[in-house]
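This report concerns only the one structure given below.
Each value in this text was obtained by applying a stated rule to the coordinates, not by laboratory testing. For clarity, every value in this text was computed on a predicted model and none was experimentally measured. Cβ placement follows ideal geometry from the backbone for every residue including glycine, while neighbour counts extend to all protein chains displayed.
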Amino acid sequence: MWGVIKSVLAAFFGVQKEQQRQQDFEQGRPMAFILVGVGMGLIFVVGVAALAISVAR
C-alpha cells in the first residue's frame, strides 16, 4: 500500500518517472490507485478549505 501512496503522491506533484508509471500500470491494481487518489484529493480540498477559512477569520 505504501507503494501506491508513493506513486499517487508523485503523480499529484508531477514528478513520477516514466518507468515507475509504466510499472504501476502493468502490475498495480487500478482500484487501489483510484481509492488512494480520491482520498488524497479529498484531503487536499479539505486542507485548502480549512486554510482559507482560517485566513479569512
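Can you pull out the trypsin sites (Lys or Arg not before Pro) in the range 1-37 that DSSP calls coil and that have at most 16 other Cβ atoms within 10 Å?
Passing both the DSSP loop test and the Cβ count: Lys17.
Please work out which option in (i) 14.1, 48; (ii) 13.2, 42; (iii) 18.5, 51 gives Rg and Dmax of the Cα atoms in Å calculated from these coordinates, and answer with its label.
(i)
If you add up the charges near Phe33, with Lys and Arg at +1 and Asp and Glu at -1, over every other residue whose beta carbon is less than 15 angstrom from its beta carbon, what do you get?
Local net charge: +1.
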